[in-house]
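Visitor: Provided herewith is a single structure, encoded as structure tokens, for subsequent inquiry.
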Amino acid sequence: MKCNKCEHKAVITLQHGSLCKQHFINYFEDKVFKTINKYQLIQRNDKVCVAASGGKDSLTALYLTQKYLKQNNYPNQVTALIINEGINNYRDKTLDDLKQFCNEHNIPLTIASFQEEYGKPLDEAYPIINKTTGKKPCNICGVWRRQLINKHAKLLNATKLVTGHNLDDESQVIVMNMFKANTSISAKLGPISGIEEHQDFVRRIKPLYFCTEKETRLYALLKKFKVEFTECPYVTHSYRAEVREMLNQMEEKYPGTKTGIINSFLDILPLLKERELNKPKTSKPNVCKCCQEPSKQEICNACKLKEELKC
Ligand code: SF4
Ligand code: ZN
Ligand code: ZN
């Protein structure tokens with residue numbers, strides 16, 4: 001099959017036609033840069049940090065954020081941040097890929113770890129915490145990683161935190177929240193996360209918001225980003241995996257389903273945000289008294305989990 005724009009061989013067929021390697025790369029980059037501009041994800045003086053994992057999405061987000069800042073002659077350079085959870089045979093591999101990538105592209109990299117912050121790697125902390133609380137590895141990992149990313153982004157003086165979430169990820173979360181009636185959580189989604197500026201949170205932005213999983217995978221492949229295709233040993237067959245499967249089947253049968261979910265969600269998102277803003281504010285403390293990180297309770301969930309290690 002030929003490219004719709006030139007004589008070369010097509011590498012992908014999208015809804016509006018087929019594209020060759022170069023025209024696909026142009027299309028993909030254009031889409032990412034238009035997202036950044038349309039939703040004003042990055043301002044001239046922003047200090048942008050990319051929360052990286054070494055996977056295809058975060059390497060693509062990192063590469064294109066750097067390209068965007070350079071193309072626009074913005075004064076600050078991009079930095080990368082990775083959390084080493086301490087998962088044997090998994091994170092060590094993706095960490096090596098990220099180190100190499102950052103070296104090649106001259107990007108400063110910060111590595112924070114569960115070991116340093118909480119005293120143990122996830123592989124050791126999980127069995128101990130699980131005994132007393134029954135918590136699964138992903139519950140612990142998610143809470144600690146979220147906290148460390150925010151903490152270290154602040155230490156780096158970052159004003160924006162890029163994540164590699166793509167259109168597939170976002171459409172899954174939208175549907176999951178809808179099925180579970182989590183409208184307050186949905187209000188925090190969108191190309192720029194959160195409802196309003198908060199001094200203790202670095203705002204998260206998603207430049208790959210309109211890029212599908214398939215497009216992102218192809219882009220990373222064509223750009224020859226070195227990516228390990230290893231899976232975390234703790235990954236389980238989750239609710240999310242079922243929603244992903246369902247949406248993939250719908251997309252196959254009715255192309256454009258995922259984009260439809262995203263676009264209709266973006267239509268109602270301002271209303272969801274407004275509703276959250278109009279809710280009466282609670283007088284609860286908003287920072288944890290142990291670690292000073294944002295928390296709705298006196299002691300945050302991350303510190304509570306850390307306490308379990310001392311039992
Ligand atoms: Fe952490 Fe679970 Fe993801 Fe593994 S699958 S990295 S344990 S959240
Ligand atoms: Zn072409
Ligand atoms: Zn805390």
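Visitor: Which of the helices (runs of 4 or more DSSP H) found entirely inside region 207-311 contain at least 2 residues meeting this: surrounded by 13 or more Cβ atoms within 10 Å (Cβ to Cβ) and not assigned by TED's automatic domain parsing to the domain that holds Y118?
Guide: 301-308
Visitor: List the residue pairs whose Cβ atoms are under 9 Å apart, where the first residue sits in region 88-113 and is closer than 13 Å to V50 by Cβ, the second is within 16 Å of ligand 3 (Cβ to nearest atom), and the two are 6 or more positions apart or on different chains.
Guide: T110/H152; T110/L155
Visitor: Another question, if that's okay. List pairs: first residue in region 132-145 and open to solvent by 50 Å² or more (accessible area, probe 1.4 Å), second residue assigned to a helix (DSSP H, G or I) anywhere in the structure, Cβ distance under 7 angstrom, at least six positions apart or on different chains.
Guide: These pairs meet every condition: T132/E308; T133/E308; K135/I129.
Visitor: Where in region 105-201 are there helices (runs of 4 or more DSSP H), lying wholly inside it, with at least 3 residues that are among the aliphatic types (A, V, I, L, M)?
Guide: Because the criterion is at least 3 residues that are among the aliphatic types (A, V, I, L, M), the helices (runs of 4 or more DSSP H) in region 105-201 that meet it are 122-133, 137-155, 167-179.
Visitor: Something else now. Just one of K5, K47, K34 is open to solvent by 50 Å² or more (accessible area, probe 1.4 Å), among the charged types (D, E, K, R) and more than 19 Å from the chain's Cα centre (by Cα); which is it?
Guide: Values: K47 fails: more than 19 Å from the chain's Cα centre (by Cα); K34 fails: more than 19 Å from the chain's Cα centre (by Cα).
Every option except K5 fails the conditions.
The values are calculated or read from the model by the stated rules, or taken from the named source; none is laboratory data. Here the structure is a predicted model, which means the values were calculated and not measured. Don't worry about glycine lacking a Cβ; one is built from the backbone with ideal geometry, like all the others, and counts go over all protein chains shown. Ligands, DNA and RNA are stripped out before the accessible areas are found, and what is left, the full protein with its side chains, is counted by its heavy atoms. Shrake-Rupley method; radii C 1.70, N 1.55, O 1.52, S 1.80 Å.
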